[in-house]
Every structure is written in C-alpha cells, then in structure tokens.
Amino acid sequence: MPSHLDHRQTLRRQLRQTRRNLSSVEQLLAAENLLESFKQYLSDIDAPESKAIKNVALYLANDGEISPHVLCQYFWQQGINTYLPVIQNKQLAFALYSEKSMWQENIYGIKEPMTEHYLAKEELDIVLLPLVGFDSDGGRLGMGGGFYDRTFEGKKSTEKPLLIGLAHDCQQVKSLPIEGWDVPLQAFVTPTQVIKV
C-alpha cells in the first residue's frame with residue numbers, strides 16, 4: 001500500500017508538471033493578476049498592520065512557480081524593502097534584494113544575492129513562499145527540501161512574519177497529506193483568490 005510520503009511525492013510530480021505546462025503568456029498574466037489579489041489581501045487585513053509593512057521576503061521564480069516580480073516592483077515603488085532567501089546550514093537567511101544586487105548561485109542553481117548582512121527572520125513583516133501545492137486548510141506542499149519548514153519551525157501564527165503562499169490556481173488540491181514538520185501558512189494568494197487560513 002502506498003505510504004503517506006509516496007503520495008506526497010506523486011502529488012509533487014504531478015503538480016510541478018501542471019505548473020510547468022503553463023505558457024509564458026499565461027505565466028505573465030498570472031504574475032500581473034497576482035498583484036491585484038495581493039492588494040486585495042492587504043486591504044482585508046488590519047489597516048495599521050498593512051501600513052506598517054517595511055520588510056518583505058519573496059523569491060525568484062523557478063520550475064514554473066508563479067513569479068512575484070510584478071509584486072516586487074510594487075514593493076519597490078512603495079518604499080518597502082525586499083529580501084531573498086539564501087541557503088545557510090539547511091535553513092534560510094534573508095538578504096536584501098535591489099536592482100544593485102550582486103549574484104551567486106546556490107546548490108540548486110538558483111541565484112542568491114551576495115552579501116554578509118542578513119535581516120533576522122523576526123524583522124520580516126511578510127514572507128511570500130513558493131509552493132508546489134496547497135489546500136484551503138493552510139497545508140503547503142513544497143519542493144521537498146524543507147528549508148522554509150526548518151527556518152520557521154515553532155513559529156506561532158500570531159508572531160511575525162506573516163507566511164503567505166503564492167501559487168497558480170491549478171496548484172490547489174482538495175486536501176494535502178500533512179506531516180508534523182510542515183509549518184502552516186496564514187494565507188494563500190493566487191491570481192484569482194485570497195484564502196485566509
């Protein structure tokens with residue numbers, strides 16, 4: 001009988017292929033619509049909280065992930081600092097991301113800003129996470145490396161930062177098999193919806 005982990009692996013393969021099948025036009029449209037959904041999310045959370053956003057972590061899209069590049073431009077226009085994850089000792093550190101960033105590649109061939117200065121994760125207001133699949137209960141299926149789960153292990157939902165998953169609508173499933181180490185998210189934002197958990 002297939003195990004829980006086998007099911008996760010099968011689901012991960014299927015959903016990665018689904019998002020990779022999106023055309024470049026579909027990807028661009030999704031990125032633009034994602035900004036509108038995210039603005040909707042901001043307008044729904046407490047006004048003082050949304051006004052106080054100073055530091056946001058996001059990611060560089062890879063392997064068909066929905067791209068937050070339009071969101072990033074919006075943050076820069078609003079004077080909000082943006083950070084990218086950098087792999088350090090099986091966890092993530094967060095490096096400032098700007099148009100002046102110098103780059104290096106990590107073990108997965110993903111670009112990371114070169115820096116010796118990192119922002120403490122507690123200083124981030126929002127972390128926008130990539131994902132492979134999600135459900136409406138807050139379950140997130142990642143790529144399997146566990147970097148976000150290890151980084152935010154033990155974080156209470158009331159503590160900073162807000163963890164928000166970004167995804168294409170086609171990555172939503174009815175229910176995900178969840179493991180004890182999976183860190184739940186506070187919301188998911190797609191090009192057409194905001195799901196608060």
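I'd like the FRET efficiency for Lys156 and Asp44, computed as 1/(1 + (r/R0)^6) with the beta carbon distance as r and R0 of 25 Å, rounded to 0.05. It comes out at approximately 0.75.
Springs between Cα atoms under 10 Å define the GNM used for the chain, and in it the highest mean-square fluctuation of Gly133, Gly154, Gly165 occurs at Gly154.
When you filter the GluC sites (Glu not before Pro) in segment 65-105 for DSSP loop state and at most 16 other Cβ atoms inside 10 Å of their Cβ, you are left with Glu99. If you take all other residues with their beta carbon under 15 Å from the beta carbon of Met102, and give Lys and Arg +1 and Asp and Glu -1, the sum is -2. Out of the trypsin sites (Lys or Arg not before Pro) in segment 72-136, which ones are loop residues according to DSSP with at most 13 other C-beta atoms within 10 Å? For trypsin sites (Lys or Arg not before Pro) across segment 72-136 that sit outside H, G, I, E and B with at most 13 neighbouring Cβ atoms in 10 Å, the list reads Lys90, Lys100. Here segment 21-177 is treated with +1 on each Lys and Arg Cβ and -1 on each Asp and Glu Cβ, and its dipole about the Cα centre works out to around 280 debye.
Tally Lys and Arg at +1 and Asp and Glu at -1 over the other residues with C-beta under 12 Å from the C-beta of Val173: what net charge comes out? Charge balance in the 12 Å sphere: +1.
Within the chain, the selection of entire DSSP H helices by a Cα span of 20 Å or greater along the long axis and an average Kyte-Doolittle value of at least -0.5 returns 24-44. Length gained on full extension, Arg13 to Trp103: 29.5 nm, using 0.36 nm per residue less the C-alpha separation. Sort all Cα-Cα distances of segment 156-197 into consecutive 5 angstrom bins from zero, then give the percent of pairs in each bin up to the one containing the longest distance. Per 5 Å bin, starting at 0, the Cα pair percentages come out as 5, 19, 27, 27, 16, 6. When the chain is treated as a GNM with alpha-carbon contacts under 10 Å, the residue of Ser175, Ser23, Ser136 showing the greatest mean-square fluctuation is Ser23.
Pairs exceeding 27 Å between alpha-carbon atoms, taken from Lys39/Lys156; Lys90/Lys174; Lys111/Lys174; Lys39/Lys121: Lys90/Lys174; Lys111/Lys174. Taking a Cβ cut-off of under 15 Å around Lys155, the surrounding Lys, Arg, Asp and Glu residues balance to a net charge of -2, with basic ones at +1 and acidic ones at -1. Just the protein heavy atoms count here, and of the accessible area of the chain at 1.4 Å, carbon and sulfur take up 51 percent. Only Cα pairs under 8 Å and 6+ residues apart enter the sum, and on that basis the relative contact order of the chain stands at 24 percent. Loop sites by DSSP among the chymotrypsin sites (Phe, Trp or Tyr not before Pro) of the chain, restricted to those with at most 14 other Cβ atoms within 10 angstrom, leave 1-107 as the longest stretch without any of them.
Taken one residue at a time, the phi angles of segment 98-107 give Karplus couplings (6.51, -1.76, 1.60, θ = phi - 60°) of 9, 5, 9, 4, 9, 10, 9, 9, 8, 5 Hz. Gly and Pro are set to x. Expressed as a fraction of 2.2 N^0.38 Å, the value expected for a compact globular protein of N residues, the C-alpha radius of gyration of segment 12-81 is 1.27.
Here the simple spin-label model places points 7 Å from the Cα toward Cβ, and for Ser24 and Tyr118 these points are separated by 3.5 nm.
Its residues counted as N, segment 135-184 yields a C-alpha radius of gyration over 2.2 N^0.38 Å of 1.14.
The distance from the alpha carbon centre of segment 39-99 to that of segment 153-189 is 16 Å, rounded to a whole number.
The values are calculated or read from the model by the stated rules, or taken from the named source; none is laboratory data. Keep in mind that this is a model prediction, so the values were computed, not measured. Note that each Cβ is placed from the backbone with ideal geometry, even for glycine, and that neighbours are counted across all protein chains shown. The accessibility values were calculated without ligands, DNA or RNA, using every heavy atom of the protein model including side chains. Shrake-Rupley method; radii C 1.70, N 1.55, O 1.52, S 1.80 Å.
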